[in-house]
Each structure stands twice: as C-alpha cells, then as structure tokens.
Amino acid sequence: MSNRPPKVPFVNFSLQHQPIQSQIAEAIRKIIQEGDFILGHALAEFETAFAAASGVKYGVGLACGTDAIALGLQACGINPGDEIIIPANTFIATAIAVVQAKAIPILVDCDPETALIDLTAAETAVTSKTKAIIPVHLYGQMVSPRQLLDFANRHDLIIFEDAAQAHLAHREGYRAGSIGKAAAFSFYPSKNLGSFGDGGMLITNDAQLADKMRTLRNYGAPSKYLHTEIGTNSRLDNLQAAVLNVKLPYLEKWNRDRTDAAQHYNTLLAPLKHKGIVPIANHSSSGHIYHLYVIKITEESSINRNTLQEKLGQHGIQTGIHYPIPCHLQPAYQNLGNRGDFLHAETLCEQILSLPMYPGLSNTQIEQVVRAIVLSLNC
Ligand SMILES: Cc1ncc(COP(=O)(O)O)c(C=O)c1O
C-alpha cells in the first residue's frame with residue numbers, strides 16, 4: 001500500500017466538524033469558563049435531548065458504550081451465572097460487557113444476508129438460565145422489533161439493545177433503543193454521533209433503572225459519600241456532552257447523507273452481483289442509518305476479500321473489516337464456541353468489506369470506489 005493520503009478515506013471527520021467549528025469552540029469555552037466539568041448542565045441537557053430524540057424518557061451518560069451495557073445489565077438485575085444471548089458477529093464489546101456483568105454470553109449465528117442475529121437460531125439457545133437477549137443493531141440496521149418482542153415475550157426475556165451503531169435508526173415504528181427495557185449507545189468518534197473521545201449512554205423508560213444507573217456510574221453513590229451500590233466511575237464528561245449537544249441537531253441530516261450515499265452505492269454495485277459483489281441486505285424500506293456500508297465478496301468473485309482490499313488500497317480507496325474474527329474465535333473468548341459452531345458468522349468474517357461511508361461522501365467519490373472495484377475484479 002502506498003504512503004500517499006487516500007483518494008477516498010474511510011471516514012472524514014473534518015467535513016463534519018468544520019462547518020460547526022465555531023459553535024463547538026463556544027460550547028467548550030463556556031464549560032471552561034464555568035469550570036463545570038463533571039455531571040454538569042451540558043450533560044443533563046444532552047441526556048434529555050438524546051433520550052427524547054430516541055423516543056425514550058431517560059438518558060444516563062456514561063464513559064463509553066461498553067460500560068453502558070455492563071452497568072446496564074447490572075442495573076437490570078442480571079445476576080452472576082445468568083445466560084444472555086448475543087450475536088456471534090458483533091464488536092467484541094458486546095461480549096466483554098456481558099462478562100463484566102458476571103453473566104454468560106451465549107452466542108447465536110446470524111442471517112447471512114443482513115448479518116443481524118438470527119432469531120430462529122436463537123430459539124435453540126434458550127435454557128432455564130437465559131435472562132436476556134442483546135440484539136445488536138449492526139452497521140446501523142435494526143433487528144426487527146416485531147420479531148424481537150415476540151421472541152422475548154415467549155421466553156420471558158429482557159431485551160437490552162446494543163444500539164452503539166444505530167443512533168436514530170428506526171424500523172416498524174420503533175426508534176433504536178426504544179424496543180426493550182434499556183439500550184446502550186456509544187459516542188466513539190467514528191459513530192454516527194461521535195464525541196471528541198470516548199462516551200456512551202444508557203436510555204430507558206424506567207425511572208428506577210435510570211436512577212440506579214446514575215448511582216452506579218458515580219461510585220455507587222446516590223448522594224455524596226453515601227455508597228449504596230458497588231458502583232464505579234463511568235460518567236460522560238461534561239465537555240464531551242457539550243460537543244454532543246452541538247452535534248445532535250445535525251444527526252438526522254448526517255444520517256440522510258449516509259442513506260443517500262448507500263443508495264448510490266446500491267445502484268452502482270447492482271450489476272456486480274453476478275461477479276460476487278453483494279451488499280449486505282437492507283430489509284426495511286427506510287430506517288437503516290448506515291453506520292457502515294458493507295459488501296460481501298462471495299465465492300463467485302474472481303478475487304477474495306483480502307486481495308480486493310489490497311487492490312483498493314493501491315487505487316487510494318481506504319476500507320475496513322467489521323469484523324475479521326467472530327467473538328468465539330478470539331483468543332480470549334475461546335470458551336464461547338468452536339470453529340464451525342456459527343458458520344454464517346465465520347463465513348461473513350472472511351467475506352465482508354466496509355467501503356468508505358460518512359456524511360459528505362460525494363457521488364464522485366462513490367463512483368471512484370466502484371470503478372476501483374471493477375478494475376480490481378477485472379485484472
Ligand atoms: C456493536 C458495538 N457494541 C458496543 C460498542 C462499545 O462502545 P464503546 O467503544 O463506546 O465502549 C461498540 C463500539 O465500538 C459497538 O460497535
């Protein structure tokens with residue numbers, strides 16, 4: 001790969017931040033002037049605004065999305081040894097958080113078309129110890145709320161959504177984060193709504209659960225120096241919340257930009273289907289917010305995924321893989337399964353490639369990416 005800057009980068013933060021730079025600088029200046037750094041006004045404002053935008057009553061800002069899941073499970077009453085169903089193909093943080101909550105992750109394979117958890121396969125994963133399911137709205141596409149509610153109601157399970165990649169996504173009348181008992185979001189910089197560092201939030205309609213989360217994130221203290229829970233220190237910084245307050249009003253527009261870009265990719269890539277280039281399916285007419293635009297390079301392709309990625313790099317197209325190794329094949333998580341246990345997830349890991357995707361990605365750039373794919377397949 002060359003050392004020159006890519007012609008089409010994988011993400012571009014400055015396009016997003018430049019137009020609102022003075023608003024952000026002013027918001028940060030205000031926090032510094034007021035010395036309002038921890039559990040301040042900006043945080044309270046952001047918690048209310050983000051929860052409302054997601055169609056939910058309460059938001060609790062946390063240090064990161066992983067903590068939002070781990071502490072959230074604790075707050076939901078998950079006990080050591082409880083089993084929690086998660087997809088085999090997710091970012092490892094979903095599994096980490098379950099283990100941190102002292103529960104047992106039970107992996108389930110995915111639908112090979114959408115890469116989302118396969119709820120039919122999940123039926124056989126339920127035991128008497130199963131207490132919850134964590135659907136992951138992967139790449140910005142929600143797991144069907146209708147099917148999820150049916151599954152969880154039949155098995156009497158808590159739904160705890162991992163919406164880290166799905167800010168304001170919607171499906172079947174539900175916003176991401178509004179289906180279940182609670183949901184976790186991440187504000188990692190590259191997310192559709194990203195802070196200038198780490199950040200996360202739990203949202204819920206349950207006032208008691210929200211109160212418990214506020215206690216857990218603050219050393220288990222409902223008031224100063226009174227510790228009623230074994231909590232931790234996991235607060236979303238007021239400075240980060242101030243940045244997020246400035247960015248939140250633009251999120252719908254940024255999500256629309258991503259959806260438009262995805263549609264352009266879909267149109268241009270359609271003729272390449274018979275050459276083994278197949279976009280991950282979008283099963284609803286709207287509501288997918290394309291945190292990532294992912295294609296599969298199937299066996300019908302003249303080259304494999306790694307070769308295509310290398311060739312695209314030579315053409316100045318930066319790409320990613322989300323994710324190259326499924327959870328159960330990670331060295332630290334071998335107790336979650338063996339090779340062959342979750343075949344769709346394993347195959348996807350070998351076939352998927354994430355193409356450049358960000359608000360402001362131009363049609364010309366998308367055309368450059370697709371042209372580079374065609375050239376790579378033909379040589
Ligand atoms: C699906 C998923 N779950 C959980 C997380 C964890 O979020 P964070 O990185 O903020 O801890 C992420 C983010 O990277 C994610 O993509």
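Data for the structure
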item	result
Evaluation of ASP206 against (1) over 21 Å from the mean Cα position of the chain (by Cα); (2) not aliphatic (A, V, I, L, M); (3) not assigned by TED's automatic domain parsing to the domain that holds GLN23 (one fails), failing number	(3)
Qualifying residue in segment 334-344 (condition: part of a helix (DSSP H, G or I) and among the charged types (D, E, K, R))	no
Residue check for SER376: part of a strand (DSSP E or B) and either modelled with pLDDT of 95 or more or closer than 15 Å to LEU312 by Cβ (or both)	no
Residues satisfying the stated conditions in segment 52-87, i.e. of a type in the set (Gly, Ala, Ser) and more than 14 Å from the ligand (Cβ to nearest atom)	ALA52, ALA53, SER54, GLY55, GLY59, ALA75, GLY77, GLY81
Cβ pairs under 8 Å, 6+ apart, first in segment 215-243 and surrounded by fewer than 13 Cβ atoms within 10 Å (Cβ to Cβ), second in a loop (DSSP other than H, G, I, E, B)	THR228/GLY220; THR228/ALA221; THR228/PRO222; ILE230/GLY220; ASN233/ALA63; ASN233/ARG217; ASN233/TYR219
Failed condition for ALA210, given (1) assigned to a helix (DSSP H, G or I); (2) within 16 Å of the ligand (Cβ to nearest atom); (3) not charged (D, E, K, R)	(2)
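Residues checked against (1) over 30 Å from LEU343 (Cα atoms); (2) small (Gly, Ala, Ser); (3) outside the structural domain of ARG217 (by TED's automatic domain parsing):
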{"site": "ARG29", "(1), (2), (3)": "yes, no, no"}
{"site": "GLY35", "(1), (2), (3)": "yes, yes, no"}
{"site": "ALA49", "(1), (2), (3)": "yes, yes, no"}
{"site": "ALA75", "(1), (2), (3)": "yes, yes, no"}
{"site": "ILE78", "(1), (2), (3)": "no, no, no"}
{"site": "GLY81", "(1), (2), (3)": "no, yes, no"}
{"site": "PRO87", "(1), (2), (3)": "no, no, no"}
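For every residue, the table says whether it meets (1) among the hydroxyl-bearing types (Ser, Thr, Tyr); (2) modelled with pLDDT under 95; (3) closer than 21 Å to GLN334 by Cβ; (4) surrounded by fewer than 17 Cβ atoms within 10 Å (Cβ to Cβ).
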position: GLY61; (1), (2), (3), (4): no, no, no, no
position: CYS64; (1), (2), (3), (4): no, no, no, no
position: ILE85; (1), (2), (3), (4): no, no, yes, no
position: ALA95; (1), (2), (3), (4): no, no, yes, no
position: PRO105; (1), (2), (3), (4): no, no, yes, no
position: ALA122; (1), (2), (3), (4): no, no, no, no
position: THR130; (1), (2), (3), (4): yes, no, no, no
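The values are calculated or read from the model by the stated rules, or taken from the named source; none is laboratory data. In this text, all values refer to a predicted model and were calculated from it rather than measured experimentally. Cβ sites come from the backbone with ideal geometry, for glycine too, and all protein chains shown count toward neighbours.
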